[in-house]
Amino acid sequence: MVITQDGEELASVTAPLDENGQIVVEYTPESTSDVEISVVFDQTPVYVNSTGEETVSPVESMNVIMDVTAEDTIIDGVSIVTVTVVDEDGNPIMGTVDLTFVNENGTEETVTVYTNEAGVAVHPYTNTSAGKNVTVTAELVEPTNGYDVEPVSDTFEVAKLDTTITIVPEANVTAHKPTNATITVSTEEGRIPAGEDVTVVVTQNGVELANITSTLDDAGQIVVNYTAENTDDIIISVVFNETPVFNSADADKTIGNIKSINTILNITSQDVPINGTSIITLNVTDELGNPATGTAILTVDGQLVEVPVENGIGELPYTNTRVGKNVTVTGYFADNVTNGYIRSPVNSTTFEVAKFGLDIAIDLADPLTAHETATATITVIIPPIGDEPVFVLVDNEEVNIIVT
């Protein structure tokens, strides 16, 4: 018996017939083409020779079970793609399989793999420089004749790297004194997001002290500069937006225990004449020379006087100048914990309320005779002082003076 398919011999057997006049021949079709079976019975002393032919048609395709699996991976990782091909009886199939990879933006690439004796092929997928979802489709290329198989697919993820934000402010933050905080963006895998942007907002009582978007350096860091306006808590908020490689992240840090800054008060004044006005000028700065705002407490003629100071300047007109005297004014800039100022050392100034200068003219009678009564006219002349009225006290009593 000879069995052929497409001219290829599938089986050729010469064997004795059993008691039923039969023999069984096993063969395996290699395609869906017709199978030809030819039988020759040679002549014997009892039987004449005989031949027979039979065509087997149709030959159905065998079902193939193909499976493809792909492992999830991360940026710069490797996804192991495994293809298994067996027939419906579980027998492995050696052959050629095309793997087509399509990511979510439509980019496509195809590689060819070959199943081994176990019907298995393995492909390492390394195009993982950016985060994405990838669908891999396996299609049996060879053999196909006699096999009925549909392409199969699997989807895997190239996961972006999770990021962590660390906020490190300078120690001992002081109101009105420039300071900074270092922002670091990192990943567990050690990949540094250098060149990516991060946004930092620094606020105090809802007021922005800083708002920047800056590029991370090679260490994954930026430095944000800010100056506290008072001793209230400061909040530093950082946002790192998602990129093709890194997942987004955000972080907040509250800075408390803001210290107050030292202040310096300088008091100056002007000498004035009687009835003049001396302008007492206050100049207040912090220890860095920046103008301060608050209240100065002055002692003037034994009385405490509060003088507002705005942007480092305060003024107090002194008008108690009806008598000549030297006046000393002392004072300090009051501490203000809320505004972040420490009380200044005491400062003072002294100025003069100058008394009037007098000219005396004596007019004697002429001629004078010995032993005779004579008269002399004495005139006190007070120089004019602008448009201001002039007062003279005699025995602490005010008297009218003719100003000439």
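Derivation of every value follows stated rules applied to the coordinates shown; laboratory data play no part. Keep in mind it's a predicted model, so treat the numbers as computed, not measured. So basically every Cβ, Gly included, is an ideal-geometry build from the backbone, and we count neighbours across all protein chains shown.
Spin-label point model (7 Å from Cα, Cβ direction): what's the residue 53 to residue 214 distance in nm?
Between residue 53 and residue 214, the label points sit 9.2 nm apart.
Stick to the Cα atoms of the stretch 2-56, pair each with every other, and give me the Kirkwood hydrodynamic radius in Å at one decimal.
In the stretch 2-56 this quantity evaluates to 12.5 Å.
Please compute the Kirkwood hydrodynamic radius of the chain from all pairs of different C-alpha atoms, in Å with one decimal. Please list the in-between numbers first.
Details: mean 1/r = 0.0302 Å⁻¹.
Taking the inverse mean of 1/r over all distinct Cα pairs, the chain comes out at 33.1 Å.
Could the peptides 204-211, 346-353 be put in order, highest first, of the mean number of other beta-carbon atoms found within 10 Å of their residues?
346-353, 204-211
Taking the Cβ of residue 6 as the center, what net charge do the other residues with Cβ under 9 Å away carry, scoring Lys and Arg +1 and Asp and Glu -1? Don't jump to the answer; show the numbers that get you there.
Details: positive: none; negative: 8, 30, 34.
Once all neighbours under 9 Å are counted, the net charge is -3.
Return the tail of the calculated pair distribution for the stretch 304-355, meaning the percent of Cα-Cα pairs more than 15 Å apart.
Result: 58 percent of Cα pairs exceed 15 Å.
Averaged across orientations, what area in nm² does the convex hull of the alpha carbons in the stretch 188-275 project? Write out the running numbers ahead of the final one.
Working: hull surface 41.0 nm².
Its Cα hull, projected and averaged over all orientations, spans 10.2 nm².
Are there any chymotrypsin sites (Phe, Trp or Tyr not before Pro) in the stretch 1-49 that are in a DSSP loop and have at most 10 other Cβ atoms within 10 Å? List them by number.
47
Could I have the simple spin-label model distance between residue 141 and residue 368, label points 7 Å from Cα toward Cβ, reported in nm to one decimal?
Using points 7 Å along Cα→Cβ, the separation is 14.5 nm.
Once you have the Kirkwood Rh of the stretch 244-365 from its Cα pairs, apply Stokes-Einstein at 4 °C and 1.567 mPa s and quote D in µm²/s.
Value of D from the Cα-based Kirkwood radius: 75 µm²/s.
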